[in-house]
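Q: Can you read through this structure? Questions will come right after.
The values are calculated or read from the model by the stated rules, or taken from the named source; none is laboratory data. Because the structure is a prediction, the values reported are computed rather than measured. Quick reminder, even Gly has a Cβ in these numbers, built from the backbone with ideal geometry, and neighbours come from all protein chains shown.
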2 protein chains.
Amino acid sequence: MGNFVCGSNRIAGCSFSIHPMSDDFIEIITTALKEVDTSKVWMQTDDVSTLVRGRIPHIFDVTKAIFLHAAKTGVHVAFEATYSVGCPGDTAGDVYMAEDDHVLNKEKADTIKQEAATKFALYPLGGGDYMNQIYAQIEAMKDHGVKVSGTHYATRLDGEVVNIFNGLEKVFIDMEESGSLHTVMTVSMSANSPSAKG
Amino acid sequence: MGNFVCGSNRIAGCSFSIHPMSDDFIEIITTALKEVDTSKVWMQTDDVSTLVRGRIPHIFDVTKAIFLHAAKTGVHVAFEATYSVGCPGDTAGDVYMAEDDHVLNKEKADTIKQEAATKFALYPLGGGDYMNQIYAQIEAMKDHGVKVSGTHYATRLDGEVVNIFNGLEKVFIDMEESGSLHTVMTVSMSANSPSAKG
(Lines give C-alpha, C1' and ligand atoms only; values in the text may rest on other atoms or scores of the structure.)
Protein backbone atom coordinates (compact mmCIF):
# COMPACT_ATOMS: atom_id res chain seq x y z
CA MET A 1 0.00 0.00 0.00
CA GLY A 2 2.76 2.45 0.79
CA ASN A 3 0.67 4.96 2.69
CA PHE A 4 1.63 6.91 5.76
CA VAL A 5 0.37 4.80 8.68
CA CYS A 6 -0.40 6.48 11.98
CA GLY A 7 -2.42 5.61 15.05
CA SER A 8 -6.11 5.46 15.71
CA ASN A 9 -7.60 8.15 17.86
CA ARG A 10 -5.62 8.85 21.07
CA ILE A 11 -3.41 5.79 20.97
CA ALA A 12 0.11 7.09 21.60
CA GLY A 13 3.28 5.62 20.28
CA CYS A 14 6.97 5.96 19.82
CA SER A 15 9.40 4.97 17.11
CA PHE A 16 12.82 4.76 18.73
CA SER A 17 16.33 3.40 18.39
CA ILE A 18 19.05 2.66 20.92
CA HIS A 19 22.54 3.08 19.47
CA PRO A 20 25.35 1.74 21.68
CA MET A 21 28.67 2.90 20.20
CA SER A 22 30.33 -0.45 20.87
CA ASP A 23 31.25 -3.68 19.11
CA ASP A 24 28.88 -5.35 21.62
CA PHE A 25 25.85 -3.33 20.49
CA ILE A 26 23.65 -6.39 19.89
CA GLU A 27 24.39 -7.84 23.33
CA ILE A 28 23.77 -4.47 25.04
CA ILE A 29 20.41 -3.97 23.31
CA THR A 30 19.13 -7.51 23.83
CA THR A 31 20.21 -7.51 27.50
CA ALA A 32 18.45 -4.17 28.09
CA LEU A 33 15.29 -5.47 26.41
CA LYS A 34 15.25 -8.55 28.65
CA GLU A 35 15.19 -6.32 31.73
CA VAL A 36 12.08 -4.45 30.61
CA ASP A 37 8.48 -5.63 30.92
CA THR A 38 6.75 -4.66 27.67
CA SER A 39 3.49 -6.53 28.28
CA LYS A 40 1.35 -3.37 28.36
CA VAL A 41 2.46 -2.07 24.95
CA TRP A 42 2.20 -3.22 21.36
CA MET A 43 5.79 -3.59 20.17
CA GLN A 44 7.50 -4.29 16.84
CA THR A 45 11.17 -4.06 15.87
CA ASP A 46 12.76 -3.86 12.43
CA ASP A 47 16.24 -2.95 11.18
CA VAL A 48 15.67 0.82 11.53
CA SER A 49 13.70 1.30 14.75
CA THR A 50 11.41 -0.19 17.36
CA LEU A 51 7.77 0.82 17.61
CA VAL A 52 5.86 0.84 20.88
CA ARG A 53 2.20 1.81 21.01
CA GLY A 54 -0.42 2.05 23.72
CA ARG A 55 -1.25 4.41 26.59
CA ILE A 56 1.06 7.37 27.25
CA PRO A 57 2.37 6.26 30.70
CA HIS A 58 3.49 2.89 29.34
CA ILE A 59 5.13 4.36 26.24
CA PHE A 60 7.34 6.57 28.41
CA ASP A 61 7.89 3.87 31.05
CA VAL A 62 9.12 1.34 28.49
CA THR A 63 11.33 3.68 26.45
CA LYS A 64 12.94 5.19 29.57
CA ALA A 65 13.65 1.75 31.04
CA ILE A 66 15.24 0.37 27.86
CA PHE A 67 17.51 3.41 27.56
CA LEU A 68 18.53 3.29 31.24
CA HIS A 69 19.32 -0.42 31.16
CA ALA A 70 21.48 0.11 28.06
CA ALA A 71 23.21 3.22 29.45
CA LYS A 72 24.04 1.64 32.82
CA THR A 73 26.64 -0.51 31.01
CA GLY A 74 28.77 2.65 30.85
CA VAL A 75 29.00 2.45 27.06
CA HIS A 76 28.32 5.60 25.04
CA VAL A 77 24.65 5.13 24.08
CA ALA A 78 22.39 7.37 22.02
CA PHE A 79 18.58 7.23 22.16
CA GLU A 80 16.67 8.66 19.19
CA ALA A 81 12.89 8.78 19.42
CA THR A 82 9.76 10.21 17.89
CA TYR A 83 6.72 10.22 20.19
CA SER A 84 3.33 10.76 18.56
CA VAL A 85 -0.30 10.97 19.55
CA GLY A 86 -3.37 11.75 17.48
CA CYS A 87 -2.02 10.81 14.07
CA PRO A 88 -4.95 9.76 11.89
CA GLY A 89 -4.63 6.18 10.61
CA ASP A 90 -4.86 2.50 11.48
CA THR A 91 -5.95 0.66 14.61
CA ALA A 92 -3.26 -1.99 15.26
CA GLY A 93 -2.50 -2.09 18.95
CA ASP A 94 -5.82 -0.62 20.10
CA VAL A 95 -6.36 -3.52 22.47
CA TYR A 96 -3.55 -2.06 24.61
CA MET A 97 -5.68 1.01 25.30
CA ALA A 98 -7.56 -1.15 27.85
CA GLU A 99 -4.49 -1.39 30.13
CA ASP A 100 -4.55 0.49 33.44
CA ASP A 101 -2.08 3.25 34.36
CA HIS A 102 0.14 1.12 36.62
CA VAL A 103 3.60 1.25 35.07
CA LEU A 104 5.68 -1.91 35.20
CA ASN A 105 9.28 -0.69 34.97
CA LYS A 106 9.48 2.45 37.08
CA GLU A 107 10.48 0.77 40.34
CA LYS A 108 13.58 -0.88 38.90
CA ALA A 109 14.53 1.75 36.31
CA ASP A 110 14.22 4.78 38.57
CA THR A 111 16.97 3.46 40.87
CA ILE A 112 19.50 3.82 38.01
CA LYS A 113 21.60 6.97 38.45
CA GLN A 114 22.53 8.14 34.97
CA GLU A 115 23.16 11.59 33.55
CA ALA A 116 22.38 12.44 29.95
CA ALA A 117 22.30 15.34 27.53
CA THR A 118 19.12 15.66 25.50
CA LYS A 119 17.72 17.71 22.66
CA PHE A 120 13.97 17.64 22.24
CA ALA A 121 11.55 19.35 19.91
CA LEU A 122 7.78 19.57 20.03
CA TYR A 123 5.60 19.73 16.92
CA PRO A 124 1.89 20.40 17.45
CA LEU A 125 0.53 19.76 13.95
CA GLY A 126 -2.37 21.42 12.24
CA GLY A 127 -2.62 24.32 14.68
CA GLY A 128 -1.91 28.00 14.20
CA ASP A 129 -0.56 29.09 17.57
CA TYR A 130 2.04 26.37 17.76
CA MET A 131 5.10 28.49 18.63
CA ASN A 132 3.44 29.87 21.79
CA GLN A 133 2.41 26.35 22.81
CA ILE A 134 6.03 25.27 22.40
CA TYR A 135 7.43 28.21 24.42
CA ALA A 136 5.01 27.49 27.27
CA GLN A 137 6.08 23.84 27.42
CA ILE A 138 9.78 24.78 27.43
CA GLU A 139 9.13 27.01 30.45
CA ALA A 140 7.36 24.13 32.19
CA MET A 141 10.42 21.91 31.68
CA LYS A 142 12.31 24.00 34.26
CA ASP A 143 10.16 22.47 37.04
CA HIS A 144 11.70 19.02 36.61
CA GLY A 145 15.19 19.53 38.05
CA VAL A 146 16.93 19.60 34.69
CA LYS A 147 19.01 22.35 33.10
CA VAL A 148 17.14 23.87 30.16
CA SER A 149 18.92 25.77 27.38
CA GLY A 150 18.30 26.80 23.79
CA THR A 151 19.85 25.38 20.67
CA HIS A 152 18.97 25.40 17.00
CA TYR A 153 15.77 23.47 16.17
CA ALA A 154 15.46 22.06 19.67
CA THR A 155 15.70 22.66 23.40
CA ARG A 156 18.57 21.15 25.34
CA LEU A 157 18.07 19.37 28.67
CA ASP A 158 20.91 18.25 30.94
CA GLY A 159 20.42 16.18 34.08
CA GLU A 160 19.37 12.82 35.43
CA VAL A 161 17.67 10.59 32.86
CA VAL A 162 14.75 9.90 35.22
CA ASN A 163 14.07 13.64 35.62
CA ILE A 164 14.42 14.27 31.88
CA PHE A 165 11.89 11.56 31.05
CA ASN A 166 9.50 12.83 33.74
CA GLY A 167 9.68 16.26 32.14
CA LEU A 168 9.23 14.95 28.61
CA GLU A 169 6.20 12.89 29.59
CA LYS A 170 4.61 15.84 31.40
CA VAL A 171 5.16 18.14 28.42
CA PHE A 172 3.71 15.57 26.05
CA ILE A 173 0.61 15.03 28.22
CA ASP A 174 0.10 18.78 28.70
CA MET A 175 0.28 19.33 24.95
CA GLU A 176 -2.26 16.57 24.39
CA GLU A 177 -4.58 17.93 27.13
CA SER A 178 -4.32 21.49 25.81
CA GLY A 179 -6.28 20.31 22.78
CA SER A 180 -3.54 19.69 20.21
CA LEU A 181 -5.10 17.15 17.85
CA HIS A 182 -1.83 15.68 16.62
CA THR A 183 1.35 16.12 18.64
CA VAL A 184 4.82 14.90 17.72
CA MET A 185 7.87 15.14 19.97
CA THR A 186 11.39 14.19 18.91
CA VAL A 187 14.08 13.31 21.45
CA SER A 188 17.84 12.78 20.99
CA MET A 189 19.53 11.65 24.18
CA SER A 190 23.19 10.88 24.76
CA ALA A 191 24.72 9.10 27.77
CA ASN A 192 28.37 8.44 28.61
CA SER A 193 29.63 10.59 25.74
CA PRO A 194 33.40 11.06 25.64
CA SER A 195 32.88 14.59 24.21
CA ALA A 196 33.17 17.56 26.49
CA LYS A 197 29.82 19.06 27.34
CA GLY A 198 28.78 22.15 25.39
CA MET B 1 18.29 32.63 27.95
CA GLY B 2 16.84 29.18 27.47
CA ASN B 3 14.56 29.99 24.56
CA PHE B 4 13.83 27.88 21.55
CA VAL B 5 16.33 29.04 18.90
CA CYS B 6 15.52 28.55 15.23
CA GLY B 7 16.75 30.03 11.98
CA SER B 8 16.23 33.37 10.36
CA ASN B 9 13.98 33.52 7.35
CA ARG B 10 14.68 30.79 4.75
CA ILE B 11 18.01 29.66 6.10
CA ALA B 12 17.79 25.88 6.22
CA GLY B 13 19.52 23.63 8.66
CA CYS B 14 19.93 20.19 10.05
CA SER B 15 20.67 18.80 13.48
CA PHE B 16 22.11 15.32 12.97
CA SER B 17 24.11 12.54 14.56
CA ILE B 18 26.14 9.70 13.13
CA HIS B 19 26.16 6.63 15.38
CA PRO B 20 28.69 3.94 14.37
CA MET B 21 27.95 0.82 16.44
CA SER B 22 31.65 0.12 16.98
CA ASP B 23 34.38 0.60 19.58
CA ASP B 24 36.07 2.76 16.93
CA PHE B 25 33.18 5.23 16.69
CA ILE B 26 35.34 8.31 17.30
CA GLU B 27 37.84 7.33 14.58
CA ILE B 28 35.03 6.54 12.10
CA ILE B 29 33.30 9.88 12.67
CA THR B 30 36.46 12.00 12.56
CA THR B 31 37.72 10.24 9.42
CA ALA B 32 34.37 10.77 7.68
CA LEU B 33 34.37 14.44 8.64
CA LYS B 34 37.86 14.92 7.18
CA GLU B 35 36.64 13.67 3.80
CA VAL B 36 33.86 16.24 3.60
CA ASP B 37 34.18 19.88 2.54
CA THR B 38 31.96 21.88 4.89
CA SER B 39 33.13 25.34 3.79
CA LYS B 40 29.70 26.38 2.46
CA VAL B 41 27.80 25.69 5.69
CA TRP B 42 27.80 27.02 9.23
CA MET B 43 28.66 24.05 11.43
CA GLN B 44 28.77 23.37 15.16
CA THR B 45 29.15 20.08 17.06
CA ASP B 46 28.37 19.27 20.67
CA ASP B 47 27.98 16.02 22.63
CA VAL B 48 24.44 15.37 21.35
CA SER B 49 24.44 16.38 17.68
CA THR B 50 26.02 18.40 14.91
CA LEU B 51 24.30 21.44 13.44
CA VAL B 52 24.76 22.53 9.83
CA ARG B 53 23.02 25.62 8.49
CA GLY B 54 22.94 27.40 5.16
CA ARG B 55 21.34 26.88 1.76
CA ILE B 56 19.33 23.70 1.16
CA PRO B 57 21.61 22.09 -1.47
CA HIS B 58 24.65 22.33 0.83
CA ILE B 59 22.78 21.03 3.87
CA PHE B 60 21.85 17.84 2.00
CA ASP B 61 25.24 17.59 0.25
CA VAL B 62 27.18 17.72 3.53
CA THR B 63 24.94 15.40 5.56
CA LYS B 64 24.78 12.81 2.76
CA ALA B 65 28.56 12.86 2.32
CA ILE B 66 29.33 12.47 6.04
CA PHE B 67 26.93 9.51 6.31
CA LEU B 68 28.32 7.82 3.18
CA HIS B 69 31.94 8.20 4.25
CA ALA B 70 31.08 6.68 7.66
CA ALA B 71 28.98 3.85 6.18
CA LYS B 72 31.58 2.83 3.60
CA THR B 73 33.69 1.45 6.47
CA GLY B 74 31.21 -1.45 6.54
CA VAL B 75 30.37 -0.80 10.20
CA HIS B 76 26.71 -0.67 11.24
CA VAL B 77 26.04 3.09 11.20
CA ALA B 78 22.85 4.95 12.03
CA PHE B 79 22.12 8.51 10.86
CA GLU B 80 19.53 10.50 12.80
CA ALA B 81 18.61 13.94 11.50
CA THR B 82 16.09 16.74 11.76
CA TYR B 83 16.01 19.09 8.75
CA SER B 84 14.27 22.43 9.21
CA VAL B 85 13.50 25.53 7.23
CA GLY B 86 11.48 28.60 8.16
CA CYS B 87 11.71 28.32 11.91
CA PRO B 88 11.39 31.82 13.38
CA GLY B 89 14.45 32.87 15.42
CA ASP B 90 18.06 33.93 15.31
CA THR B 91 20.39 34.83 12.46
CA ALA B 92 23.67 32.96 13.14
CA GLY B 93 24.98 31.56 9.91
CA ASP B 94 23.15 33.98 7.63
CA VAL B 95 26.41 34.83 5.85
CA TYR B 96 26.30 31.34 4.33
CA MET B 97 23.12 32.26 2.45
CA ALA B 98 25.39 34.11 -0.02
CA GLU B 99 26.98 30.86 -1.24
CA ASP B 100 26.13 29.65 -4.74
CA ASP B 101 24.40 26.34 -5.50
CA HIS B 102 27.53 24.45 -6.57
CA VAL B 103 27.79 21.51 -4.18
CA LEU B 104 31.25 20.48 -3.05
CA ASN B 105 30.91 16.82 -2.07
CA LYS B 106 28.61 15.24 -4.65
CA GLU B 107 31.33 14.13 -7.08
CA LYS B 108 33.19 12.03 -4.52
CA ALA B 109 30.23 10.92 -2.37
CA ASP B 110 27.97 9.83 -5.22
CA THR B 111 30.49 7.17 -6.31
CA ILE B 112 29.95 5.30 -3.01
CA LYS B 113 27.62 2.34 -3.50
CA GLN B 114 25.78 1.85 -0.23
CA GLU B 115 22.32 0.55 0.55
CA ALA B 116 20.33 1.77 3.52
CA ALA B 117 16.95 1.52 5.16
CA THR B 118 15.32 4.81 6.09
CA LYS B 119 12.29 6.09 7.93
CA PHE B 120 11.37 9.69 7.28
CA ALA B 121 8.56 11.94 8.43
CA LEU B 122 7.52 15.35 7.22
CA TYR B 123 5.98 17.99 9.48
CA PRO B 124 4.64 21.14 7.80
CA LEU B 125 3.94 23.33 10.85
CA GLY B 126 1.23 25.90 11.29
CA GLY B 127 -0.85 24.73 8.33
CA GLY B 128 -4.26 23.08 8.21
CA ASP B 129 -4.04 20.78 5.20
CA TYR B 130 -0.81 19.15 6.32
CA MET B 131 -1.83 15.49 5.91
CA ASN B 132 -2.61 15.94 2.20
CA GLN B 133 0.70 17.75 1.69
CA ILE B 134 2.44 14.79 3.32
CA TYR B 135 0.60 12.18 1.21
CA ALA B 136 1.50 14.04 -2.00
CA GLN B 137 5.19 14.10 -1.07
CA ILE B 138 5.19 10.38 -0.24
CA GLU B 139 3.80 9.67 -3.73
CA ALA B 140 6.55 11.82 -5.24
CA MET B 141 9.20 9.72 -3.43
CA LYS B 142 8.42 6.81 -5.74
CA ASP B 143 10.10 8.66 -8.65
CA HIS B 144 13.55 8.35 -7.09
CA GLY B 145 14.29 4.64 -7.57
CA VAL B 146 13.73 3.72 -3.95
CA LYS B 147 11.20 1.30 -2.47
CA VAL B 148 8.53 3.23 -0.55
CA SER B 149 6.40 1.58 2.14
CA GLY B 150 4.29 2.62 5.12
CA THR B 151 5.10 2.25 8.77
CA HIS B 152 3.83 3.85 11.96
CA TYR B 153 4.64 7.58 12.24
CA ALA B 154 6.87 7.53 9.17
CA THR B 155 7.42 6.36 5.61
CA ARG B 156 10.04 3.72 4.94
CA LEU B 157 12.52 4.01 2.06
CA ASP B 158 14.85 1.20 0.94
CA GLY B 159 17.55 1.60 -1.67
CA GLU B 160 20.81 3.32 -2.52
CA VAL B 161 21.77 6.10 -0.11
CA VAL B 162 22.38 8.52 -3.00
CA ASN B 163 18.85 7.96 -4.35
CA ILE B 164 17.31 8.23 -0.89
CA PHE B 165 19.02 11.59 -0.26
CA ASN B 166 18.02 12.86 -3.71
CA GLY B 167 14.41 12.00 -2.88
CA LEU B 168 14.55 13.56 0.57
CA GLU B 169 16.04 16.79 -0.77
CA LYS B 170 13.41 17.02 -3.53
CA VAL B 171 10.56 16.45 -1.08
CA PHE B 172 11.97 19.07 1.29
CA ILE B 173 12.35 21.64 -1.49
CA ASP B 174 8.87 20.91 -2.87
CA MET B 175 7.35 21.35 0.57
CA GLU B 176 9.17 24.67 0.95
CA GLU B 177 8.12 25.84 -2.54
CA SER B 178 4.50 24.83 -1.98
CA GLY B 179 4.31 27.65 0.57
CA SER B 180 4.80 25.82 3.85
CA LEU B 181 6.13 28.51 6.18
CA HIS B 182 7.94 26.17 8.54
CA THR B 183 8.83 22.66 7.46
CA VAL B 184 10.52 19.99 9.53
CA MET B 185 11.64 16.59 8.23
CA THR B 186 13.05 13.83 10.43
CA VAL B 187 15.21 11.06 8.98
CA SER B 188 16.44 7.80 10.56
CA MET B 189 18.79 5.88 8.30
CA SER B 190 20.53 2.59 8.95
CA ALA B 191 23.38 1.06 6.94
CA ASN B 192 25.08 -2.33 7.31
CA SER B 193 22.57 -3.53 9.89
CA PRO B 194 22.98 -7.16 10.94
CA SER B 195 19.19 -7.41 11.40
CA ALA B 196 17.12 -9.07 8.71
CA LYS B 197 15.18 -6.58 6.66
CA GLY B 198 11.51 -6.17 7.55
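Q: Would you confirm whether any residue within the range B:74-82 is at pLDDT 90 or above and either at positive phi or more than 13 Å from chain A (Cβ to nearest Cβ) (or both)? Spell out the reasoning first.
A: Quick first cut of the range B:74-82, residues at pLDDT 90 or above only: B:74-82.
Filter again for either at positive phi or more than 13 Å from chain A (Cβ to nearest Cβ) (or both), leaving B:74.
Among the residues of the range B:74-82, at least one is at pLDDT 90 or above and either at positive phi or more than 13 Å from chain A (Cβ to nearest Cβ) (or both), which makes the answer yes.
Q: Exactly one of these conditions fails for residue A:195: (1) assigned to a strand (DSSP E or B); (2) within 7 Å of chain B (Cβ to nearest Cβ). Give me its number.
A: Of everything listed in (1) assigned to a strand (DSSP E or B); (2) within 7 Å of chain B (Cβ to nearest Cβ), residue A:195 misses just condition (1).
Q: Can you spot a residue in the range B:32-54 that is within 14 Å of another protein chain (Cβ to nearest Cβ) and touching a residue at least 60 places away in the same chain (Cβ under 8 Å)?
A: There is no residue in the range B:32-54 that is within 14 Å of another protein chain (Cβ to nearest Cβ) and touching a residue at least 60 places away in the same chain (Cβ under 8 Å).
Matching residues to (1) over 24 Å from residue A:186 (Cα atoms); (2) buried (at least 21 other Cβ atoms within 10 Å of the Cβ); (3) without any contact (Cβ under 8 Å) to a residue 12 or more places away in the chain:
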{"site": "B:121", "(1), (2), (3)": "no, yes, no"}
{"site": "B:131", "(1), (2), (3)": "no, no, yes"}
{"site": "B:136", "(1), (2), (3)": "no, no, yes"}
{"site": "B:140", "(1), (2), (3)": "yes, no, no"}
{"site": "B:154", "(1), (2), (3)": "no, yes, no"}
{"site": "B:159", "(1), (2), (3)": "yes, no, no"}
{"site": "B:164", "(1), (2), (3)": "no, yes, no"}
{"site": "B:183", "(1), (2), (3)": "no, yes, no"}
{"site": "B:186", "(1), (2), (3)": "no, yes, no"}
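Q: Please specify each residue of the range B:136-169 satisfying the condition of being in contact with a helix residue (DSSP H, G or I) (Cβ under 7 Å, 6 or more places away or on another chain) and charged (D, E, K, R).
A: B:169, the sole residue that qualifies.
Q: Does residue A:135 fit the bill of being among the aromatic types (Phe, Trp, Tyr), over 19 Å from residue A:86 (Cβ atoms) and modelled with pLDDT under 85?
A: yes
Q: Can you work out which of the residues in the range B:153-182 that are part of a strand (DSSP E or B) and modelled with pLDDT of 90 or more is nearest to residue B:103 (Cα to Cα)?
A: Filtering the range B:153-182 for residues that are part of a strand (DSSP E or B) and modelled with pLDDT of 90 or more, the one nearest to residue B:103 (Cα to Cα) comes out as B:160.
Q: Of the conditions (1) within 30 Å of residue B:35 (Cβ to Cβ); (2) free of Cβ contacts under 8 Å to residues at least 24 places away in the same chain; (3) hydrophobic (A, V, I, L, M, F, W, C), residue B:168 fails just one. Which one is it?
A: Tallying (1) within 30 Å of residue B:35 (Cβ to Cβ); (2) free of Cβ contacts under 8 Å to residues at least 24 places away in the same chain; (3) hydrophobic (A, V, I, L, M, F, W, C), residue B:168 fails exactly one: (2).
Q: Please tell me if residue B:119 is within 20 Å of residue A:15 (Cα to Cα), within 14 Å of another protein chain (Cβ to nearest Cβ) and either part of a helix (DSSP H, G or I) or not polar (S, T, N, Q) (or both).
A: yes
Q: A further question on this structure: How many of the residues making up the range B:142-152 are more than 7 Å from chain A (Cβ to nearest Cβ) and surrounded by fewer than 17 Cβ atoms within 10 Å (Cβ to Cβ)?
A: Counting residues in the range B:142-152 that are more than 7 Å from chain A (Cβ to nearest Cβ) and surrounded by fewer than 17 Cβ atoms within 10 Å (Cβ to Cβ) gives 4.
Q: Confirm whether residue A:23 is closer than 21 Å to residue B:192 by Cα, modelled with pLDDT under 95 and out of contact with any His (no Cβ under 6 Å at 6 or more places or on another chain).
A: It is false that residue A:23 is closer than 21 Å to residue B:192 by Cα, modelled with pLDDT under 95 and out of contact with any His (no Cβ under 6 Å at 6 or more places or on another chain).
Q: Being at pLDDT 95 or above and out of contact with any Phe, Trp or Tyr (no Cβ under 9 Å at 6 or more places or on another chain): is that true of residue B:106 here?
A: Yes; evaluated as a whole, the condition is true for this residue.
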